[in-house]
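Student: Below: one structure in C-alpha cells.
Laboratory data are not the source of any read-out in this text; all were calculated from the coordinates shown. Keep in mind the model is a prediction, meaning the values are calculated, not measured. Please note: Cβ atoms are built from the backbone with ideal geometry, for glycine as well, and neighbour counts cover all protein chains shown.
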Amino acid sequence: MKIAVATCNRADYSKLAPVLRGLKQDTTFQVSIVVMGSHLIDDYGNTYRFIERDGNQIDSMLHTLVRGETEGAMVESMGLAMIKLPDILNRLQPDIVMVHGDRFDAMSVAISAAVMNVRVLHLEGGEVSGTIDDVIRHSITKLAHYHICCTKGARLRIESMCEDSSRVLLAGCPAYDELIHTDVSKYHEAFERWLPNHVGTKNFIICVYHPVTTAIAESIQHFGLLLDALVHFDVRTVILFPNVDAGSKELVRCIRLRNLENHEKISCYKHVPFSEFVYLMGNCGLMIGNSSAGIRESNVFGTAVINIGTRQRGRQSGANVVHVKNPTSAEDLLWHIRSQFGKVYPRDYIYGDGRAVERIVKFIKEIDCDSPVEKSFNFDRNSSGLRAPSKASFGAEFPLSRQAHSLQLALAVDLGGSFIRVALVDDRGNIERMRRTEMVDCPDERIAIIVRMANDLLENKRDLVVGVGVSTGGRVNSETGEILFATKVLSGWGGVALKTRLQEQLGLPCYVENDGNCAALAEVHFGSHKMEDMVVLHFGTGIGGGIIQDGCLLNGSSYSAGEFGHIVVCFDDGPDCMCGNSGCVEAYAGGWALNKLAKEMELSSNWRKEGADDQKPVTPGQPNKPTYLTDLASDGVDYAVQHINRAVRAVASALLTIYSSYNPPVAILAGPLAPVYFDGVKNKLEERSAILGRNFTLLQSDMTEMSLKGAATLVLNNPSRAVPQNAIV
C-alpha cells in the first residue's frame, strides 16, 4: 500500500512524525513524504532539515508559499500548490494521501488528491478552534475519505457532517504517544541549547502567539499588550516566532520594535524542534499565547497556561488553562501572569492515552484500496434534524478516556441520603481508601466535612490525584457544577455552587454529576454490562438513573434526563414524595419510603404473618433500615408483602414508560435494593412482553459502590472538558 504523507509546517509535522515512524516499521506500507509550505522558508527556520534529521527521506519538495503574509498571499499559495501537486501525485501514484489539521496548504493537497481520485485520509479533523481554521478543517473533512480524530466530541462532529461512521477512527493524538512517556526531568540538553544562562525549572515563560486571520488588527493589539506585560514581569522568557498566516509579519514587527531579540532575559527563535520543545513546555512556569500546544499538549505535564483571545476558543481544555478572551491592557495580562506563573496542575490526558499510532496503523491496513475510490455519506437524520448517532465507530473498542498510567487516582465523593463518603479510586475502579460519616443537614457543614475527609485522603497522595468527582442527589448542572434542585433528602442543597467551592478549597479540578447518572457511568466503564445503549435504575435511599446513548451520558436540555424516581405512576391518592409531588415511583420503592412504612408498621398492629396467630417481635431500631421491611416480607408478614408487591408494580410501570419513551435494548437495576425488586419486576414485564418485544433485556448489576466509582469516572474517563463560556475571563 502506497501512502503519501504531506507536511506543511512545524506544527503538523509534530503530529505526523509518530505516524510516519509507525508506518515505516510495517512492511505493508511504502511511505513517501511531500514537504511544502513554511518548511522551506528560512524566516520560519527551514524546518525540513528536522524532518531529514529524524532519518526521513523527503521524496518531493514543493516551494508553494507566496510571501506577503496576507489573506491574498494565502490564496495565491493554495493556487500555486494545486498547480504543482498533480505532477507529484502522478509520479508517486499513492493509494492514500495523508494530510493533517487545518492549514491552507493541507487543503490544497486534499483538493488535488480528491479531484484526482486518490483517497484522502485526514488526521485530527472534527475539532473546533475558531477563526478561519475551522472553515478549512471542516472543508478538508468533506474532501477526505477517511478520518482520524482525537476526542469523542471531534468524532461526533465529523459524523454530524454526514460522514460514514465506519470510516471514522477515534485514535487520540499521535503526539501523546511520545509525550506521555517523556521524562521531562531530563531537560539539561534542551536547556543548554534554548535557555542560555541556565535557569531553574518552573522559573521561565514560553510565549507562542499566532495571528488570528479573521481579526488581524485585534490580534496585533493583543500581542503588543502581551509583550509589554512580559517585559514588565521580568523573568526569563522564550518567544517563538508566529506561523506563516496573514498578519505574521506584523507580529514579528511587534517583537523587533521592542528590540526583544536583544533583550537580556528574552530569547526569540524561529523554531524549536518538538522533541526538544516538550522539555521546555514540561518545565516552564507558564505557557502564554494562543497556540494549540497550550491547549492540547501542555496538560500532559500539568503546565500552567494562559490562552489569549478567540483562537483555540472551542478546543477542549483542562483545568490548567485560563482563558483571557479580550485583554484591555498590559496590566490586565500582568495580573493573570502573576496569578498563573509557577502553578503546577495535575496531569491530564484529554487528547490521548499513548496508543494512537497502533490504532492508526491498524485502521489504514484495513482500508480496501482495490475498491472504487468513492466517498460514502450518511444522511440518516432523526426528528430533531440532527444526524442519528452511530452505534459505534472503529475506535470504540479503545476506551480513550482511560488515563495512561494506572497510578492516576480520582478523589470520589458520594453525597447520598444517609452518608457522606469520600474515597480514592484508581482507573480500574478499585477503591484504595475511603472515609465515611453520617449525612448532616447544613450545606456548609457538608462541604466542610468533604474538605476535611478529602485532605486526610490526599496526604501523601496529592501528586497522583487527577481531580475530584462528586456524585450527589438532586438535579445538577454538570457544566457549572451547581445544584439546580434537591429534594428534602438533601435539604438546603439547591443553588449550591459545589464545583466552585470544592475547587477553591481543594485546589483540584472538580466535576459534579447527579448520583443516578454516576451509577450509569460506573456501569459503562467498570461494570460487567458495557453497552453503547442502555438505561440504569439505581435503588438506594432514593431512586435515580441514567441514560446511555451511543456510549455517552444523556443529560437532557435542563439536566433532568434519567430522573426515573420521579416518574408518576399514580395520579390519584398516591403517596407523597420528597420532591413535593405525589405518586412518584420513589415514594413506593425508594429506601426512605420503605423506612417510612416500617416505622408506620411499628406503630400499628400490622405485624401478623398471613395465617399465623403470633406477632413478629420488634427489635428497637430495625425499622430505620429499608431491609427491615423486605425481611418482614420474606418472612411472610402480610402488610409488608403487600407493600413490596406494590413497589414492584410501581417499578415495572415506570420501566414500561421508560421503554416506550427511549426504547432501550437493555435496562439495568442497580443499587442495594435492586435484588429486592428484580425478580418481581422481571415477572411483571414478562406479562407485557407484547409491548416490550423481543429486543429488550432486564439485567441486574453486580457492582458495589456505584456512586463512588461513577464519581471517579467524571475525572478519569471524562471525554470532554470544554471550558464553559461563563468561565472565560
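Student: Mind checking the angle between helix 248-257 and the chain's longest principal axis? C-alpha axes, 0 to 90 degrees, to the nearest 10.
Tutor: That works out to roughly 70 degrees.
Student: Based on DSSP loop calls and a cut-off of at most 15 other Cβ atoms within 10 Å, the longest stretch of the chain free of exposed GluC sites (Glu not before Pro) is what?
Tutor: 1-263
Student: Let me ask another. Rounded, prolate or oblate, given the Cα gyration tensor of region 114-170, with a/c below 1.5 counting as rounded?
Tutor: oblate
Student: In addition: About the Cα centre, and with charges only on the beta carbon of Lys, Arg (+1) and Asp, Glu (-1), how big is the dipole of the chain? Nearest 20 debye, please.
Tutor: 820
Student: Roughly how many whole Å is it from the C-alpha centroid of region 118-157 to that of region 309-360?
Tutor: Taking the Cα centre of each part, region 118-157 and region 309-360 sit 22 Å apart.
Student: Under 28 Å from the Cα of residue 343, which lysines turn up, not counting those fewer than eight places away in the same chain?
Tutor: Hits, sequence-local ones excluded: 15, 186, 202, 265, 270, 325, 461, 499.
Student: Taking the Cα atoms only, what angle lies between the long axis of helix 706-716 and the longest principal axis of the chain, rounded to 10 degrees?
Tutor: Compared with the principal axis, the helix lies near 10 degrees.
Student: So, one more: When Lys and Arg each count +1 and Asp and Glu each count -1, what net charge do the other residues less than 10 Å away from residue 240, Cβ to Cβ, add up to?
Tutor: +2
Student: Still on this structure, please answer the following. For the pair residue 657 and residue 528, how long in nm is the line joining their label points, each one 7 Å along Cα→Cβ?
Tutor: Placing both labels 7 Å along Cα→Cβ, they lie 3.1 nm apart.
Student: Right, another one. Shape call for region 188-348 from the C-alpha gyration tensor, a ≥ b ≥ c root eigenvalues: rounded (a/c under 1.5), prolate (a/b greater than b/c) or oblate?
Tutor: rounded
Student: Can you sort 529, 145 from fewest to most other Cβ atoms within 10 Å of each residue's own Cβ?
Tutor: Least to most surrounded, the residues fall as 529, 145.
Student: What whole number of Å gives the distance from the Cα centroid of region 15-49 to the Cα centroid of region 173-236?
Tutor: 24
Student: Moving to a separate point now. Tilt of helix 591-602 relative to the longest C-alpha principal axis of the chain, in degrees (0 to 90, nearest 10)?
Tutor: 10
Student: A follow-up question, please. Residue by residue, what Karplus-based ³J(HN,Hα) values in Hz, rounded to whole numbers, does region 674-683 have, using 6.51, -1.76 and 1.60 with θ = phi - 60° and x for Gly and Pro?
Tutor: Coupling constants for region 674-683: 4, x, 5, 9, 4, 4, x, 5, 4, 5 Hz.
Student: Follow-up. Using the Kirkwood formula on the Cα atoms of region 63-133, what hydrodynamic radius do you get, in angstrom to one decimal?
Tutor: 12.9
Student: At 7 Å along the Cα-to-beta-carbon direction for both residue 329 and residue 687, put a label point, then send me their distance in nm to one decimal.
Tutor: Label at residue 329, label at residue 687, 7.5 nm between them.
Student: Tell me the trypsin sites (Lys or Arg not before Pro) within region 482-568 that lie in a loop according to DSSP and have at most 14 other beta-carbon atoms within 10 Å.
Tutor: Hits after loop and neighbour filter: 530.
Student: Within the chain, what percent of beta bridges assigned by DSSP are antiparallel, to the nearest 5?
Tutor: 35
Student: With a point put 7 Å past each Cα toward its Cβ, work out how far residue 46 is from residue 249 in nm, to one decimal.
Tutor: 2.3
Student: Further question: Using alpha carbon centroids, what distance separates region 666-690 and region 50-84, in Å?
Tutor: Cα centroid of region 666-690 versus Cα centroid of region 50-84: 64 Å apart.
Student: Can I ask one more? What number in nm² do you get for the chain if you take the convex hull of its Cα atoms and divide its surface by four?
Tutor: That works out to 34.5 nm², a quarter of the Cα hull's surface.
Student: Here is a follow-up. Hey, fewest Cβ within 10 Å first, where do 678, 526 land in order?
Tutor: Least crowded to most crowded, the residues run 678, 526.
Student: Under a 5 Å amide H to amide H cut-off, with H placed in plane at 1.01 Å, what residues pair with residue 699 once short-range neighbours are removed?
Tutor: When sequence neighbours closer than 5 places are left aside, the close amide H contacts are 667, 668, 669.
Student: Taking only C-alpha pairs under 8 Å that are 6+ residues apart, what is the relative contact order of the chain in percent?
Tutor: 11
Student: Please state the shape class of region 491-594: rounded when a/c is under 1.5, otherwise prolate if a/b exceeds b/c and oblate if not, all from the C-alpha gyration tensor.
Tutor: oblate
Student: Here is a further query. Going by C-beta contacts inside 10 Å, put 231, 361, 99 in order with the fewest on the left.
Tutor: Sorted ascending by nearby Cβ count, the order is 231, 361, 99.
Student: What's the FRET efficiency of residue 142 with residue 57 using the Cβ-Cβ distance as r and R₀ = 25 Å, to the nearest 0.05?
Tutor: 0.20
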